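See below for the structure under consideration.
The values are calculated or read from the model by the stated rules, or taken from the named source; none is laboratory data. Computed from a prediction, not measured in an experiment: that's the story for all the values here. Cβ placement follows ideal geometry from the backbone for every residue including glycine, while neighbour counts extend to all protein chains displayed.
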Amino acid sequence: MWLNFKNESSKQRSDADLRAAAAKHTMLTWQGGSPSAVLENLPVVDRAEGVYVYDSTGKKYLDWTSEAVCVNLGHTMPETVKAAMRDQMEKASFIYGGMGLVEVRVRLASLLADLAPGDINGFLFPSSGGEANDCAIRLARLYTGKTKIFNQYRSYHGGSLGPLGATGDFRRHFAGDSATGFIKMFNPEPHYFRWGETDEAACDMALACLEEQIVAEGPSTIAAIMIESIPGSAGVLIPAVGYMEGIRSLCDKYGILMICDEVMTGFGRTGELFAFQHFEGVIPDIVTSAKGLTGSWQPLSVVGVRQKLKDFFWAQPPGWGSTFQAHPVAMACGYAAVKHMLDTDILNNVKGVIQPVMIEELDRLVQKYDFVKQEVFSLSYFWIL
């Protein structure tokens, strides 16, 4: 109906043509209803620059959400990143990760090892956050020989089967009952009650309840406690002082791995490379990230593991993989994007310049508008009213 391959670039399609063709041939993943009605509310995007997106009429939108909380470095790709990707495409646009060693893969892994705290020293490179979390779940089960994974109710870990099983919020129901072995635990910030009158008391009680649950389930059956360092979709739930430290302590006490899902918070969103670095002494056994790794200019994610896990899986390969793991062009983008973040001192800019402004302006909105809840949860570029 819409495509004309011979003259594809010679004719400007109208927005109505685009929407009609989209209604006939495309599918959306979360929005539902009448295709024409849903698509009518989506802008037809022409271009994006900096923090703005422009539709086909020239209207400018402030990208207030960084798309899916992922365009950490803006929509304008630096020339260094373009050059890195172009150079890799000219050298070798694709080499399967298990059939050749590409230099840029080693460079990115080495850079991340230098930047990551503790002995997080081994890295796998899937394509998406959900894929990274799926990989982390498999690694935890293989390493420990145990199956159960603890996750919080107020959480989201990705849209594929395993991560949806790990997810605690309503989206887990999209997976049905196919993904098994996931045990839900309460967050330290429940909706309908408080664990205690003070943050300290609430933290202590939440951790005590978790320990009771661990004992009841049987530590010998639990592979990992897998949590978002700061739950994002659930509402930027910044844990009370001592909570993440308490999780680490319980994992050590009972021989359980700690997995930190940093798909949303990793690579500068909270002013640190990883959000778990806000919590003293907390080093997860496995960390996952994605969105900010490339600034979302290319699809790439990462699974980082501590030395003991890296050594284990060199001896006993995990049997994990996908066609596009460690894609050379995405790796080039990731390396150049992280270098750009470091060279422009973005982390210190987020903490020292942007965060104070955000706090001041968000508080002003709370005071100005009655319909805004009288509370702000924020940490650098990660916030909610």
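For segment 94-195, list the helices (runs of 4 or more DSSP H) that sit wholly inside it and hold at least 3 residues that are closer than 22 Å to ILE225 by Cα; which are they?
Working: elements: 103-115, 129-144, 161-166.
Where helices (runs of 4 or more DSSP H) fall fully within segment 94-195 and carry at least 3 residues being closer than 22 Å to ILE225 by Cα, they are 129-144, 161-166.
Does SER322 satisfy being under 23 Å from GLU262 (Cβ atoms), modelled with pLDDT under 85 and not hydrophobic (A, V, I, L, M, F, W, C)? It is false that SER322 is under 23 Å from GLU262 (Cβ atoms), modelled with pLDDT under 85 and not hydrophobic (A, V, I, L, M, F, W, C).
Could you list all residues from segment 246-285 that are assigned to a loop (DSSP other than H, G, I, E, B), acidic (Asp, Glu) and surrounded by fewer than 24 Cβ atoms within 10 Å (Cβ to Cβ)?
Restricting attention to segment 246-285, the residues satisfying the condition of being assigned to a loop (DSSP other than H, G, I, E, B) are 255-256, 263-274, 279-285.
Restricting the remaining residues to those that are acidic (Asp, Glu) gives 272, 280, 285.
Across segment 246-285, the qualifying residues are GLU272, GLU280.
Within segment 80-99, residues that are at pLDDT below 95 sit with their Cβ atoms under 8 Å from residues that are in a helix (DSSP H, G or I) and surrounded by 15 or more Cβ atoms within 10 Å (Cβ to Cβ), at 6+ positions apart or across chains, in these pairs: GLY97/ARG105.
The residues in segment 159-196 that are modelled with pLDDT under 90, of a type in the set (Ser, Thr, Tyr) and either under 22 Å from the mean Cα position of the chain (by Cα) or buried (at least 21 other Cβ atoms within 10 Å of the Cβ) (or both) can be counted, and the count is 1. For first residues located in segment 18-35 and within 26 Å of ALA175 (Cβ to Cβ), partners that are not in a helix (DSSP H, G or I) and lie 6+ apart or on another chain with Cβ distances below 8 Å form the pairs THR29/GLY159.
Is there a residue being assigned by TED's automatic domain parsing to the domain that holds ILE259, more than 30 Å from GLU131 (Cβ to Cβ) and part of a loop (DSSP other than H, G, I, E, B) anywhere in segment 208-221? Reasoning before the result, please.
At the first step, the residues of segment 208-221 found to be assigned by TED's automatic domain parsing to the domain that holds ILE259 are 208-221.
Pick out the ones that are also more than 30 Å from GLU131 (Cβ to Cβ) and you get 208-209, 211-212, 215-216.
Now drop any that are not part of a loop (DSSP other than H, G, I, E, B), which leaves none.
Within segment 208-221, not a single residue is assigned by TED's automatic domain parsing to the domain that holds ILE259, more than 30 Å from GLU131 (Cβ to Cβ) and part of a loop (DSSP other than H, G, I, E, B).
Could you tell me whether segment 231-245 includes any residue that is part of a helix (DSSP H, G or I), on the phi < 0 side of the Ramachandran plot, modelled with pLDDT of 95 or more and surrounded by fewer than 20 Cβ atoms within 10 Å (Cβ to Cβ)? Steps first, please.
The first filter runs over segment 231-245 and keeps only residues part of a helix (DSSP H, G or I), leaving 243-245.
From the residues that got through so far, the ones that are on the phi < 0 side of the Ramachandran plot too are 243-245.
Checking which are modelled with pLDDT of 95 or more leaves us with 243-245.
Of the ones still in play, those that are also surrounded by fewer than 20 Cβ atoms within 10 Å (Cβ to Cβ) are 245.
Yes, because at least one residue in segment 231-245 is part of a helix (DSSP H, G or I), on the phi < 0 side of the Ramachandran plot, modelled with pLDDT of 95 or more and surrounded by fewer than 20 Cβ atoms within 10 Å (Cβ to Cβ).
How about segment 103-158: which of its residues are touching a residue at least 60 places away in the same chain (Cβ under 8 Å), under 13 Å from GLY334 (Cβ atoms), surrounded by fewer than 20 Cβ atoms within 10 Å (Cβ to Cβ) and among the β-branched types (Val, Ile, Thr)? Within segment 103-158, no residue meets the criteria.
Restricting attention to segment 24-45, the residues that are of a type in the set (Gly, Ala, Ser) and either within 17 Å of SER56 (Cβ to Cβ) or part of a loop (DSSP other than H, G, I, E, B) (or both) total 3. Only a single criterion out of (1) in the same structural domain as ARG171 (by TED's automatic domain parsing); (2) of a type in the set (Asp, Glu); (3) surrounded by 15 or more Cβ atoms within 10 Å (Cβ to Cβ) is not satisfied by ASP55, namely (1).
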